[in-house]
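The values are calculated or read from the model by the stated rules, or taken from the named source; none is laboratory data. Keep in mind that this is a model prediction, so the values were computed, not measured. Neighbour counts run over all protein chains shown; Cβ positions are idealised from the backbone, glycine included. Keep in mind that these areas ignore ligands, DNA and RNA; they rest on the heavy atoms of the full protein, side chains included. Shrake-Rupley method; radii C 1.70, N 1.55, O 1.52, S 1.80 Å.
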Amino acid sequence: MDKPYQAMPGIKVLPAHFPVPGAGFLPVNAFVIKAKEPVLVDTGMGIDSDEFMKALNSVIDPRDLKWVWLTHDDADHTGNIQKVLEVAPNARLAAYSLAVLRMSTAWSVSMDRVYWLNPGDSISAGDRKLTAVRPPVFDNPTTIGVYDDKSEAFFSADCFGAIIPSPAQSTDDVAEDDLTQGMAGWASLDNPWVHMVKQSEFGQALDRICKLAPKIILSGHLPPATGKTEQFLELLATVPPSTPSIAPNQTALEQILAR
Ligand SMILES: [Fe+2]
Ligand SMILES: [Fe+2]
C-alpha cells in the first residue's frame with residue numbers, strides 16, 4: 001500500500017502498486033467518496049490487509065461509511081471486503097447480483113445488507129446520485145463502474161488500466177508512450193474477447209462513455225486521469241483490430257527468475 005491521497009475534492013484514493021515481473025507495476029486503487037452518505041469503492045488486495053485497513057481508517061472512520069460499492073468480485077477488489085463490512089456496520093454492500101452470489105460460495109454474505117444494482121440503476125448517497133455504468137471493457141461479468149453526478153467522476157473498474165513503469169499519483173506524471181502502450185496492452189491482455197467484437201458494436205459501448213463525458217476517470221488500475229476521456233476512448237477503439245497481447249510463458253518466467 002502507498003499513502004492515501006486526494007484525487008479531487010471529496011475523493012480519496014487508497015492506492016497500492018502490484019509489481020508485475022519484467023513489466024512494471026499495476027496500480028490497484030480503492031476510493032473513498034466523501035459524500036453525505038460516504039462510499040468506499042472496492043476494498044483493495046487481501047495481501048495488503050493490515051495496511052489497507054490502516055489507510056482506510058486514516059481517511060474516514062469506517063463507522064461513517066454508508067455504502068461499500070464493489071465494482072466486481074475479482075480478488076484485487078474484494079481483498080478486504082469481510083473486514084470492511086465488520087468495521088463498517090452502517091454500510092450497505094452495493095454490487096451486481098451475480099457478484100454477491102459468487103462471493104457467497106466463499107463466505108456468508110448477509111443478504112439484508114446487500115443492494116443489487118444492474119447497469120443503469122442508481123443509488124442516492126445523500127448529496128449525489130451514483131449510477132452503475134458498465135465500462136466498455138471488463139474482465140468479469142459482474143462489473144459495474146460508478147458514475148458520480150456531483151464530481152462527474154467515472155470509477156471505471158478494470159477499464160482504462162495500465163501496467164506502468166513506476167507508481168504515480170496522476171496520469172500526467174506517466175510518459176505518454178508508457179501510458180498508451182500500457183493501456184492498449186492491458187486492454188488486450190485483461191479482455192481477450194475484445195479482439196472478437198465487431199468494431200461498430202464496440203463503438204457504441206465507447207460512445208456511451210463519450211456521452212457521459214466524465215471529467216475524471218478513476219480506474220482501479222491507473223492513476224487518476226483528468227480531462228483524458230476522449231483520448232482514452234480513441235485509444236480503446238484501436239484495440240479490437242490490433243495484435244492480441246501475449247502473456248509471458250515459462251521461458252519468460254525462467255528468464256525473470258535468472259535475473
Ligand atoms: Fe477484474
Ligand atoms: Fe482488477
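Among the strands (runs of 3 or more DSSP E) lying completely within region 9-76, list those that include at least 1 residues that are within 13 Å of ligand 2 (Cβ to nearest atom), at pLDDT 95 or above and under 17 Å from Ile217 (Cβ atoms).
Values: elements: 11-20, 24-33, 39-41, 67-69.
Ranges flagged: 24-33, 39-41.
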Scan region 135-157 residue by residue and report those that are touching a helix residue (DSSP H, G or I) at 6+ places or on another chain (Cβ under 8 Å) and open to solvent by 10 Å² or more (accessible area, probe 1.4 Å). Asp139, Pro141, Tyr147
Within region 195-241, count every residue that is open to solvent by 20 Å² or more (accessible area, probe 1.4 Å), assigned to a loop (DSSP other than H, G, I, E, B) and over 13 Å from Met183 (Cα atoms). 6
With criteria (1) over 20 Å from Val41 (Cβ atoms); (2) away from ligand 2 (no atom under 16 Å from the Cβ); (3) surrounded by 15 or more Cβ atoms within 10 Å (Cβ to Cβ); (4) not charged (D, E, K, R), Gln169 comes up short on (1)
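Taking the stated definitions as given, is Leu98 touching a residue at least 40 places away in the same chain (Cβ under 8 Å), hydrophobic (A, V, I, L, M, F, W, C) and open to solvent by 20 Å² or more (accessible area, probe 1.4 Å)?
Values: touching a residue at least 40 places away in the same chain (Cβ under 8 Å): yes; hydrophobic (A, V, I, L, M, F, W, C): yes; open to solvent by 20 Å² or more (accessible area, probe 1.4 Å): yes.
Taking the combined requirement at face value, the residue satisfies it.
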I need the full set of residues from region 143-158 which are in contact with a strand residue (DSSP E or B) (Cβ under 7 Å, 6 or more places away or on another chain), in a loop (DSSP other than H, G, I, E, B) and not charged (D, E, K, R), in order please. Ile144, Ser151, Ser156, Ala157
